[in-house]
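Read through the structure below, which is laid out as structure tokens, and then see the notes.
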């Protein structure tokens, strides 16, 4: 655990596709959950992609404390795999040809012995209440089970930053609230800079400590949750 | 009944498939995943043999790998055997025919992998190479197996390039495709019919399996 904040300054112009808009954002993410809130197409997912290194911004700087991940001015770019960012995609992106345990073990240090990797993966699945799925493949999972396995995989890697891209959008309300609460417990234990992308105020209010409002590719407002930004 | 040419064809096709697989999968992986200047040119070079006249291809092989060429000379001084007009030449001819099929279909199979899965692997600490080996390659497995079967079927029947660069030497480079031609020229219809039946049967079975493999791949 560290108290390093994630500093995000980036600009990205659309390439070829007239549907995507120009993004120009600057905000800081201290340890804890910051909600990136905005309507569809506001640039939330692409901002996350830039932070993780999946997309290269044109200008800007992304750093975790003193560790600079991207700096256009210095032509510095840390590759995706070296950033240790847990990224939970909207589609979850579970590997379909691997069991739940192998999915979770994928992000563990590769120098660990096989049994140790397996044990850690199963322990993480147990924490997420899906130990029974360890030897099954994603094709057989329900929506909620897949979410839990995806979260187990994200947390097992001991991330330095957590990025959640509307991971619960496909779930019904009851299950979503339950998962958000469990996620809140895990995130509180981890206490690293975390960004939750959502366009639903209730999700934001349940998990977030701060909100960054994104509109048409720009930050329109930043507010702590204590100020009841959603009214 | 002549079995020699058939066995020779199997031997050459098997070796050619291994080489076409090794080179073809590597080229397909590069074309599917990397963006660099000259990429389209590589694509053209590796797929041109599909439409190029066999005589033209054969000519290039003779120029590039003939006994007086740099490569041909080096190969001969290393192994003691020349490339052209030997079994090695027949393998080269078969590889040239099979390679475009491997490159095309493996590339398609690799490109069909959900890019989010590869990115997810990268965020979990995988280098580009590890993401390729552990995610993209296994998910394209059916397409790769199908392409190798196509490559084997294609290698089994090469005629033009084989004739140009390996000749038609009985017991050495006379494959079934060439032996069928000779048998028909010499009015040995029964010999021809037997080899034709065997080749047809094998190709039909292989294409049937390829169809099954690729159909299930498209509708998981």
Per-residue average of Cβ from other chains inside 10 Å of A:104-111: 3
Nearest-0.05 FRET efficiency for residue A:2 and residue A:202, computed from C-beta distance (R0 25 Å): 0.25
Peptide ranges A:179-186, A:152-159 listed from the most packed, as the mean C-beta count within 10 angstrom indicates: A:152-159, A:179-186
Chain A: relative contact order in percent, alpha carbon pairs under 8 Å with at least 6 residues between: 29 percent
Contour excess over end-to-end distance, with Cα ends at residue B:111 and residue B:127 and 0.36 nm allotted per residue: 3.9 nm
Ranked packing of B:92-102, B:119-129, most packed first, by mean Cβ within 10 Å: B:92-102, B:119-129
Kirkwood-based shape ratio for the protein assembly as shown, expressed as Rg/Rh from alpha carbons: 1.12
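Return the calculated 222 nm mean residue ellipticity for chain A, to the nearest 500 deg cm²/dmol, obtained by summing -39500 (n - 2.57) across DSSP H runs with n ≥ 4 and dividing by the residue count.
-9000 deg cm²/dmol, from helical runs alone.
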Spacing of the two label points (7 Å from each Cα toward its C-beta) at residue A:82 and residue A:13, in nm: 2.9 nm
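Stretched out fully, how many nm does the piece from residue B:26 to residue B:44 gain, at 0.36 nm a residue minus the Cα gap?
4.9 nm
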Cα-Cα P(r), the stretch B:4-218, percent of pairs per 5 Å interval: 1, 7, 13, 16, 17, 15, 11, 9, 6, 3, 1, 0, 0, 0
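Per residue of A:73-84, how many C-beta atoms from partner chains lie within 10 Å of its own C-beta, taken as a mean?
Across A:73-84, the average partner-chain Cβ count within 10 Å equals 3.
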Pair residue B:207, residue A:75: separation of 7 Å Cα→Cβ label points (nm): 5.3 nm
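Of the listed peptides A:190-197, A:116-123, what is their order by residue-averaged count of other C-beta atoms within 10 Å, with the highest listed first?
A:190-197, A:116-123
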Inter-label distance for residue A:189 and residue B:197, nm, one decimal - labels placed 7 Å from Cα along Cα-to-Cβ: 7.1 nm
Average beta carbon contacts from partner chains per residue of B:113-120, 10 Å cutoff: 6
Angle between chain B longest axis and helix B:70-79 axis [Cα atoms, degrees, rounded to 10]: 80 degrees
Angle between chain A longest axis and helix A:143-156 axis [Cα atoms, degrees, rounded to 10]: 80 degrees
Principal-axis tilt of helix A:173-190 within chain A, Cα atoms, nearest 10 degrees: 90 degrees
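Values quoted throughout were computed directly from the atomic coordinates according to the rules given, and no laboratory measurement underlies them. For clarity, every value in this text was computed on a predicted model and none was experimentally measured. Heads up, the Cβs are rebuilt from the backbone with ideal geometry, glycines too, and the neighbour counts pull from every protein chain shown.
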